[in-house]
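*Asks:* Have a look at the structure that comes next, please.
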Amino acid sequence: MRLFGRARAAEPAAAVQTVPGGRGGAFSGALDRYQAAGMERKLYDTLRLTVPIIDAAVCKIVRLTGGVSVQCESRRAREDLNRFLESVQVNACGTGIETFLGIYLEQLLTYGTALGEIVVSQDGKEISGLYNASLDDVELRTGDSPLELKIYSRDGAGNWLLVQRPELIAVSTLSPRPGELLGESVLKGLPFVSSVLLKIYNSMGLNWERVGNVRFAVTYQPGDGNERAYTKERAIQIAQEWRKAMKSGGDISDFVAVGNVKIQTIGADNQILDSEVPVRQMLEQIIAKLSIPPFLLGLSWSTTERMSAQQADILTSELEAYRRILNPVIGKVCSLWLRLHGYSPEHTVVWDDINLQDAVELSNARLLEARAKQIEQELKPEGEPEAPLEGGTQ
């Protein structure tokens, strides 16, 4: 019995070029991915896993980048395109281009290179979704010219095959070196600093385990005469009573011993090294590399209101730089959708304001500049020629 009316014919699944063969549907097992670049990416993954402040900084940058919308000359095209951007499928479980851009930017920051694909339906008339490809599943090479990019993907046997429609794939790199194809991660230079930080944390844990978990030294000094003949028996009896007293948990238990018994703590008198200064030095290096103000990561370091405002301005410029990298990716998706639906591919990418405070500061700056020009016009005498440019002739 049909519960929802006439059954619809199953649409053919859209083919994704950047997923290795054999991984459609059920996961068929990991492939051999031990390359030089692959090992570097695993290092950065481990770095984010072991140093929480690095992972928090990367996630904070992705979230602060903000949302995006598109403006077109045609009102209908603008409404339809923005509706598509909000509802487009991303990977298997995501929805919306902001989800795609968040994963794309996180990949770009972590590895220095990001790769995404526009998945088109079998008939080529509709965009089925957006796919964030793993860098372990693709390989980037240069062609006959250093300006030519060739993208390869694995097949079911693990061989590299040239992607047939590279125009559907977006590739972005972050600060690549001259002559290099891949970009550089923002985490580059942090493995050494992070290793020192982890050594400090590891030493702190060991010291607290040794010194913080108090141990006791029970010393029995036998007296003269017959007491020395029963030293072993007395020591065993004291050890049993002490063990019984220590295993009593939270209950109060008395320890009773006969003879000259001395009890001392092991480790409580030792002083643990102060780790605040070296830990802060390492964290300062990490934060300087990631360009994140400390107060955004929950670090209550001494700062002034003016310094916080300057740090926020620096972060805003960093976010603007990341937005400029993402603009071509958004433009490729929007232009293709507009052409497929018969609209003009011309459009403008509009990002949301990073925060209201920045918008207020910019508005005040424009207002002050307009007032200054107005005052200059009012103070300038009538008929006075304008001042010549420097280096010019009158």
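Every number here is computed from the coordinates shown, using simple stated rules; none is lab data. All values derive from a computational prediction rather than experimental measurement. Here the Cβ positions follow ideal geometry from the backbone for every residue, glycine too, while neighbour counts run over all protein chains shown.
*Asks:* Among the listed pairs K188/K332; K232/K262; K60/K188, which have their C-alpha atoms separated by more than 27 angstrom in this model?
*Replies:* Long pairs (Cα-Cα over 27 Å): K188/K332.
*Asks:* Fewest Cβ neighbours within 10 Å first, please rank T348, T110, T173 accordingly. Each step should come with its number before you reach the end.
*Replies:* Working: T348 12, T110 22, T173 19.
Going from sparsest to densest Cβ surroundings: T348, T173, T110.
*Asks:* Under the Karplus relation 6.51 cos²θ - 1.76 cosθ + 1.60, θ = phi - 60°, what is the ordered set of whole-Hz ³J(HN,Hα) values for the range 114-128, x standing for Gly and Pro?
*Replies:* For the range 114-128, the Karplus curve yields 10, 9, x, 10, 8, 8, 9, 5, 5, 7, x, 9, 8, 8, 7 Hz.
*Asks:* Follow-up. Is there a quick way to get the dipole size of the range 51-177? I mean about its Cα centre, with the Cβ of Lys and Arg at +1 and of Asp and Glu at -1; what is the value in debye to the nearest 20?
*Replies:* Here the range 51-177 has a charge dipole of around 280 debye.
*Asks:* Residues with beta-carbon under 12 Å from that of F192, excluding F192: net charge, scoring Lys, Arg +1 and Asp, Glu -1?
*Replies:* Its environment carries a net charge of +3.
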